[in-house]
Amino acid sequence: MIPGPGFSIIQSVLHPTDFSEGSLVAFNHALKAALSAKAELTLLHVSTDTDLKWSDFPGVRQTLERWGALPPGSQKSAVAELGINARKIVAKESDPVDAVIDYLEHHPTDLIVLSTSQRDGRIPWLGKSVASPVTLKAGEMTLLIPGDVEGFVSAKDGSASLKKILIPIARTPRPEPALKAAARFISKFPTADGTGTFMILHVGTPNTMPAVKYPEVNGWTWQKEIRTGETIDTTAVLVKYTYYGDVDFNGVVDFDDYSRIDAGFNNNRTGWLNGDVDGNGIVDFDDYSLIDQAFNTQTGTL
């Protein structure tokens, strides 16, 4: 069966939330995606607080009523009648990254919607950097929404305001899936006047620009731009200058890093995010030595 127009490729949406104003912006986008796709929507909060209430989560039914998708005073069952299977989960863990990854291992999802900061890519979730580690480790399609702007989904009425979509392309991987996905995306997030622009960006020369067939989207035009520069393929490594032991990449060695290296040591994990800062394939006392040295000699946030 070939998926038709729209968001038929998305059957489940996961929104990790810390109940902040920034997360509320991402929640609006997650709910809009679930509504458009008639998909399962999971709101996940990580906390050891035993006094959390259901009402602490963003209100799915209340938001749909504000958007006009449901009449005021609707029953809870009305949400399911729209095709949304909504659930709210509290993970009783101390580390939000580990909690989200653990959830995904048991409950694969098609789309993750996360709030992040335009300045440093962080969620204010327990003061930790969450968006980048989750995106890197999950390996799932992820929508990162800056928490300090409204985004493209209106909190007031749920309308979308996308006018331009940038699509970088190369010969590898094939660009056609990205172009088709963008076209399907717009079919479910139409703009107020029904117009917009897809901008195709290729780094290289006209000779290396792949020949592609652009999907037709009413009211939208396709433009292309070719720029020179160094391309990055799947073998490239993103390098961040930081301290040995700054395993969560927040620019400083702190208690959160010690917590992650302890978890890595006790659970036989590997990789920088789990405390293997010397890259020898295991978390051992050499890693603790490096993180201790960095902690004692660091001069500030990098």
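The values are calculated or read from the model by the stated rules, or taken from the named source; none is laboratory data. Not measured: the values here are computed from a predicted model. Here the Cβ positions follow ideal geometry from the backbone for every residue, glycine too, while neighbour counts run over all protein chains shown.
When the stretch 10-63 is filtered for residues that are polar (S, T, N, Q) and touching a Ser or Thr at 6+ places or on another chain (Cβ under 8 Å), the ones remaining, listed by number, are Ser12, Thr17, Ser20, Ser23, Asn28, Thr42, Thr48. Meeting the requirement of 2 or more residues that are in contact with a Leu (Cβ under 9 Å, 6 or more places away or on another chain) and under 14 Å from His15 (Cα atoms), the helices (runs of 4 or more DSSP H) wholly within the stretch 56-111 are 96-106. In this entry, Val79 passes the filter for residues that are touching a residue at least 12 places away in the same chain (Cβ under 8 Å) and more than 30 Å from Asp248 (Cα to Cα).
Among the residues of the stretch 252-302, how many are assigned to a helix (DSSP H, G or I) and touching a residue at least 60 places away in the same chain (Cβ under 8 Å)?
To start, the set of residues in the stretch 252-302 that are assigned to a helix (DSSP H, G or I) comprises 255-266, 272-274, 285-297.
So of that shortlist, the ones also touching a residue at least 60 places away in the same chain (Cβ under 8 Å) come out as 256, 259-260, 263, 273.
Of the residues in the stretch 252-302, 5 are assigned to a helix (DSSP H, G or I) and touching a residue at least 60 places away in the same chain (Cβ under 8 Å).
Report whether or not Ser187 is touching a Pro at 6+ places or on another chain (Cβ under 7 Å), in contact (Cβ under 8 Å) with a residue 24 or more places away in the chain and of a type in the set (S, T, N, Q). In short, yes.
State whether one or more residues within the stretch 64-77 are closer than 23 Å to Glu21 by Cα, touching a Pro at 6+ places or on another chain (Cβ under 6 Å), modelled with pLDDT of 85 or more and not assigned by TED's automatic domain parsing to the domain that holds Phe185. Checked against the condition, which is being closer than 23 Å to Glu21 by Cα, touching a Pro at 6+ places or on another chain (Cβ under 6 Å), modelled with pLDDT of 85 or more and not assigned by TED's automatic domain parsing to the domain that holds Phe185, the stretch 64-77 yields at least one hit.
Which one is surrounded by the fewest Cβ atoms within 10 Å (Cβ to Cβ) among residues in the stretch 164-223 that are in a loop (DSSP other than H, G, I, E, B) and of a type in the set (S, T, N, Q)? It would help to see each step written out before you state the result.
Taking the stretch 164-223 and keeping what is in a loop (DSSP other than H, G, I, E, B), we get 170-175, 189-195, 204-219.
Filter again for of a type in the set (S, T, N, Q), leaving 172, 191, 195, 205, 207-208, 218.
Details: Thr172: 8, Thr191: 16, Thr195: 13, Thr205: 10, Asn207: 5, Thr208: 12, Asn218: 9.
Looking at residues that are in a loop (DSSP other than H, G, I, E, B) and of a type in the set (S, T, N, Q), I get Asn207.
Applying the set (1) within 30 Å of Met199 (Cα to Cα); (2) touching a helix residue (DSSP H, G or I) at 6+ places or on another chain (Cβ under 9 Å) to Glu230 leaves exactly one unmet item: (2).
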